[in-house]
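What follows is a short report on a single structure.
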Amino acid sequence: MTSIITTTADLTDACARLAQHPFVTVDTEFLRETTFWPKLCVVQVASPEEAVIVDALAEGIDLEPLNALLRNEAVLKVYHAARQDIEIVWHMAKFIPAPVFDTQVAAMVLGYGDSIAYDQLVQRLTGAHIDKSSRFTDWSKRPLTEAQIVYAISDVTHLRDVYLKLAAQLEKRKRAHWMQDEMAVLTSPETYRQPPEDAWKRIGGRIRKPRDLAILVEVSAWREREAQTKNVPRSRVLKDDAIIEIALQAPDTPEKLAGIRMIPKGWERSRSGLDLIDAVKAGMTRDPATLPVKAPPRIAANGAGATVELLKVLLKMVSERQGVAAKVIATTDDLDLIADNDEADVPALHGWRRELFGEKALALKRGKLALAIEKGRVTAIER
């Protein structure tokens, strides 16, 4: 049973039915190419008995019944690669669905590869093929095409089978609790908050001096507020390269700003240009003691580089032997920190990750474990 919902009354009835089940699968279709915030167009939801398409752009529709379903802790919400879907809910309604199960994370825990695509996972687990040709169509146009409807529904109906198979495998291999850390990050409000004061962290570059960093912080925050207020992509306001150049040159007059090659002619005397100059001045007069701490480039100690490479080999061996994606066990940053410090506070040295990999990593560092090749495969030998 499939239906397209365009009224609040029909949505209320559908959500009441969906809430009678222990889980629902959820997906969204949205546009973001020309906006800062995602524009929600369609929401697909399926229970074991039905699937519905909610037209989020239908005139007069109130999505609160859907929000109530997403907040209902008696119903598990199943997504694939949930971050963008959850970000939409956070932006529009300021809450995070709970509880949540992400099939992409479950697939990594079970060894289906790093960040496996939905269509590939469906094919591997169910044998079904999904036509992705409608993925990048304009979901804001009405009426929806038949191809769009089929595609949208397939994203949540196949997800039911994927979830059931993955959940059974997690239970069989006693790995359900392995997902807890990943789900905690996924459902944390901090993951989705975008304070303008932190926008500078997204921009790399040659920023070293305190004054340059202060300007970077102030100008990045200004751009973030502009992009959010005008609901346009950050690059439409000012490109990253331009911000870095502004931080280095500190243009505190329209004439100096006009001298920067990446600034459009005449823009320096616009309202935005003058506001940008004010941000530069704020950075130039900012007390260095109030600046955020920028982590210095990590310089590996003598021999640490080789240690990290050995840890990478060990991680790949453990990943392949245990059937779990390497990135779920440890990141490259984790390995760098472990190479430098046996007491590093990283996930790889806590909980199930420590049992699976962390103890071996420390033993390798201490010379109590050796890596060898037997019959073409890397193996670990206790010394």
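The values are calculated or read from the model by the stated rules, or taken from the named source; none is laboratory data. Quick caveat, the model's predicted, so the values are computed rather than measured. The accessibility values were calculated without ligands, DNA or RNA, using every heavy atom of the protein model including side chains. Shrake-Rupley method; radii C 1.70, N 1.55, O 1.52, S 1.80 Å.
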Kindly flag which residue pairs out of Lys174/Lys365; Lys132/Lys172; Lys132/Lys165 have an alpha-carbon separation exceeding 26 Å in this structure.
Lys174/Lys365; Lys132/Lys172
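How long are the semi-axes of the equivalent ellipsoid of the stretch 114-201, defined as square roots of 5 times the Cα gyration tensor eigenvalues? Whole Å, largest first.
Working: eigenvalues 155, 132, 21 Å².
Gyration-tensor ellipsoid for the stretch 114-201: 28, 26, 10 Å.
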Name the lysines eligible as straight-distance cross-link partners of Lys201: C-alpha to C-alpha under 22 Å, and not fewer than 8 places from it in the same chain.
Lys209, Lys230, Lys239, Lys281, Lys294
What aspartates and glutamates could a cross-link reach from Lys375, if we take a straight Cα to Cα line under 19 Å and drop same-chain neighbours fewer than 8 places away?
Glu320
Surface/4 estimate of mean projected area, convex hull on alpha-carbon atoms of the stretch 1-102, nm²:
6.1
In Å, what Kirkwood hydrodynamic radius results for the chain from the alpha-carbon pair distances?
24.3
Which one of Glu182, Glu73, Glu59 has the biggest mean-square fluctuation once the chain is modelled by GNM with Cα springs under 10 Å?
Glu59
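What part of the accessible area of the stretch 249-378, given as a whole %, is carbon or sulfur when the probe is 1.4 angstrom? It would help to have the intermediate numbers written out before the result.
Numbers: 4090 of 7700 Å².
Of all accessible area on the stretch 249-378, carbon and sulfur atoms account for 53 percent.
What Kirkwood hydrodynamic radius do you get for the stretch 101-152 when you take the inverse of the mean 1/r over all pairs of distinct Cα atoms, in Å? Could the numbers behind the result be given before it?
Values: mean 1/r = 0.0793 Å⁻¹.
The Cα-based Kirkwood calculation yields 12.6 Å.
Could you please state how large a percent of the accessible area of the stretch 62-135 is carbon and sulfur, counting protein chains only and using a 1.4 Å probe? Kindly include the intermediate steps, with their values, before the conclusion.
Values: 1400 of 3090 Å².
Carbon and sulfur: 46 percent of the exposed surface of the stretch 62-135.
With every protein chain kept in place and ligands, DNA and RNA left out, what is the accessible area per residue of the chain? Probe 1.4 Å, answer in Å².
Normalised by residue count, the accessible surface of the chain is 52 Å².
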Report the Cα-based extents of the stretch 240-383 along its three principal axes, largest first, to the nearest Å.
70, 33, 29
